[in-house]
1. Counting other C-beta atoms within 10 Å, and keeping those with at most 11, which DSSP coil trypsin sites (Lys or Arg not before Pro) do you find in region 303-395?
2. Using a simple charge model, +1 on the beta-carbon of Lys and Arg, -1 on the beta-carbon of Asp and Glu, nothing else, what dipole does region 1-106 show about its Cα centre, in debye to the nearest 20?
3. So, counting K/R as plus one and D/E as minus one, what does the shell of residues with Cβ under 15 Å around residue 4 add up to?
4. Only Lys, Arg, Asp and Glu count, each charged at its Cβ (+1, +1, -1, -1), so figure out the dipole size of region 1-47 about its Cα centre, rounded to 20 debye.
5. Taking +1 at the Cβ of each Lys and Arg and -1 at the Cβ of each Asp and Glu, which of 245, 277, 189 sits farthest along the dipole of the chain towards its positive end, judged by Cα position relative to the Cα centre?
6. How far is helix 3-19 tilted off the main Cα axis of the chain, in degrees rounded to 10, range 0 to 90?
7. Does region 1-48 classify as rounded, prolate or oblate by the C-alpha gyration tensor (a ≥ b ≥ c root eigenvalues; a/c under 1.5 gives rounded; else a/b over b/c gives prolate, otherwise oblate)?
8. Determine how many Å³ per residue the convex hull of the Cα atoms of the chain encloses.
Amino acid sequence: MDPEMQKMREVVLVYLDRSGGLQKFLHDCKKYNDSKQSYAVYRFIISINPSDIAELDATLGNYILHNPLPAAQIFQSVCFVAIKTLSLIEQLQTEAQISILLKPTHLPPLPSYVLSLSAYPFNYTSQRFYMSEGIVIAMGTVTKYTQGARFLCTEETCPFSEGRFRCIRVHCPGATESATVRTDFVCSLCSSLLQEDMKFRVLGDKQIIEMIDAKILNALKGYSNDKSHFRIQAFTVFLRDELANKMTIGNHYRIIGIPACVQNGLQATACIEVNSVQLYKPNGSSSVSDNFKYLLSLTSSSCWRFTAVLANIFASQVVPPGTYNTLKLAILLSLVQTCEKESADYLDLLVVTSDTLIIDRLLNYSLCLLPRGIRHPPSSDIFPSVSKDKHGTGSASIQACSAVLAKGGICYIGDLSSYKKDKLELLQSVLESRTTTVFIPGKKYGEEADQQVTVSVQTNFWSFVDVDSSSKKHIQKENFLIGQMDVSLIPANLVDSFGLLIYTEFHSCRLSSPVVHHILRRAINPEAMLYKVSQQFRTQDYEEFILFARNLHVELSSEAESLIQGYYLASRRVRRDSIHGSTLSASALKILISLSKAHAKLSLRQTVLEEDAVIAILLLESSLTLKHGTSALCVAPNPVFPFDISDENSLQQRDIYLMQCHHQVLKFIAAYSPGIHINTNEE
């Protein structure tokens, strides 16, 4: 026996004893032994910490990292000796019946252990462990594969024709089903054909996943400051047994596995046989720029000023400062209300405008401030679809889409009026439930029964409606209420499903002078910094600010909660008719809370104050006025920014105006929701 190999076996035994792996191995053996059933293959999973094992023996550590399949045979030998010596599994006959899966907890943080799927060449021949990461863009249904099988020689006089486990076929990473089970295997002793003993076939679960490098997100934004060129290619991932269904479509994962090449007829597919899966959670920004900190200190005398200035100077690369302030504030609020939690506070925007080109540029620019901002291409599906798996299995594969890829971010779907009725109905359903159901017909995809897979949609949706297009395609109603907008081109229930309806103040025929000057100067010199604030508050600064603000955990204060509840109850009583009851949807309360929390985050506070609730109420009331007409609260057409913000005096006037609005809201609650007790400040 090779002394080097014998030494590594001894180290394996020491490592299993110290790491607790031996105890787990004994527990697994007991389960097999208690079943009293003979298997062709007994499968064991052994967790490997490369750092710990390298400290014990550097040679073995290096061998596991760079030759994982031969290294597994060393563990196989040690486990077989242990089973036979301690009589752990009575049914076990040969060492070949033991299948060992090594699962490294991590790999050394070195470039040589990272498999980049956007780099060339794709190294799939080394058959060693690599770490890679990507986003799941397609997910197949779980099917069966053969873990191992026993074969007997068809020649009766051959010793291998007896009922012992001499000829065992075990699945290897990257191998197809035909490599484990087929009819043309021959006996190594007499060269006769081998025949499978079907009683001992061991089946496992298999799931085929398509992943792609996270750089794809930059290409799907529709606009990016990143001018670099890169190659992106999807790759196939095999999840087996305990790893099946461990991934969710649209999520970002880090995987450790062995690359391989799967032959399917004349086609060869590069793939990774996964040993471990870890959900990737990108780190948020740890701080904001000094300019933002200084601005926060300058505006600390009021809870409203900081966000007002933020909105006023936001996106100065696309529109002049001081224009579209209400829309820009709504965009910032929606951006900070993005996360990948199941119970997230969503904030969807629907913009009514005739300035479609400018609004499209503004929304597209804002989209790129998030890691997951997706501009939906009209030629593809917004929501998941089903297609046949391209690897020859015939099973169904769920394909990702814009809404799923925008998980924890923004999905910008463009002009809402360009979609057909069935797409709009599906969008409404998703906005209301935040889930979509994919139907998989069993007959078409080789299954016994039909399946329905529910996919979570965790993103904010942005869209716009061209009012000029709406008025041309539809005859305007004559019974509009005061303040109500004509959006009859879009179903009323769908409009209600969007959290905020925003109307931009300029008409395309009479754009404001600053906007016209901005467009002309930008056309002459696209790279120029037109305003000083563009240099002080760069796009990168806003990216860091939003990543920091959206990760803040905020709580509602009792005062803000009372104000929100009081307004909600009062509005439900005021906004009602004799036929349909209240026109205020039940989701309005969630929208109010989401807006209030977003304004607190944007103000870099962790407590939602009454001032945040006032902004939320004014934005929602303005939106409800556009949808259903004015109410007894009777807010101005542009209640959050009633006049231009040019200096400290205008900010002071806005504070006075918002305090008056606060007092007006309190009177509204007292009149129409008298059961709610709210502490009022007499001053």
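1. 341
2. So the magnitude is around 380 debye.
3. Values: positive: 7, 9; negative: 2, 10, 57.
Summing Lys/Arg as +1 and Asp/Glu as -1 gives -1.
4. 260 debye
5. Going by the Cα projections, it comes out as 189.
6. That helix lies at roughly 50 degrees to the long axis.
7. Values: a/c = 3.09, a/b = 1.69, b/c = 1.82.
The shape class here is oblate.
8. Details: hull volume 149.2 nm³, N = 683.
Output value, Cα hull per residue: 219 Å³.
The values are calculated or read from the model by the stated rules, or taken from the named source; none is laboratory data. All of these numbers come straight from a predicted model, not from anything done at the bench. So basically every Cβ, Gly included, is an ideal-geometry build from the backbone, and we count neighbours across all protein chains shown. Surface areas here come from the heavy atoms of the whole protein model, side chains and all, with no ligands, DNA or RNA. Shrake-Rupley method; radii C 1.70, N 1.55, O 1.52, S 1.80 Å.
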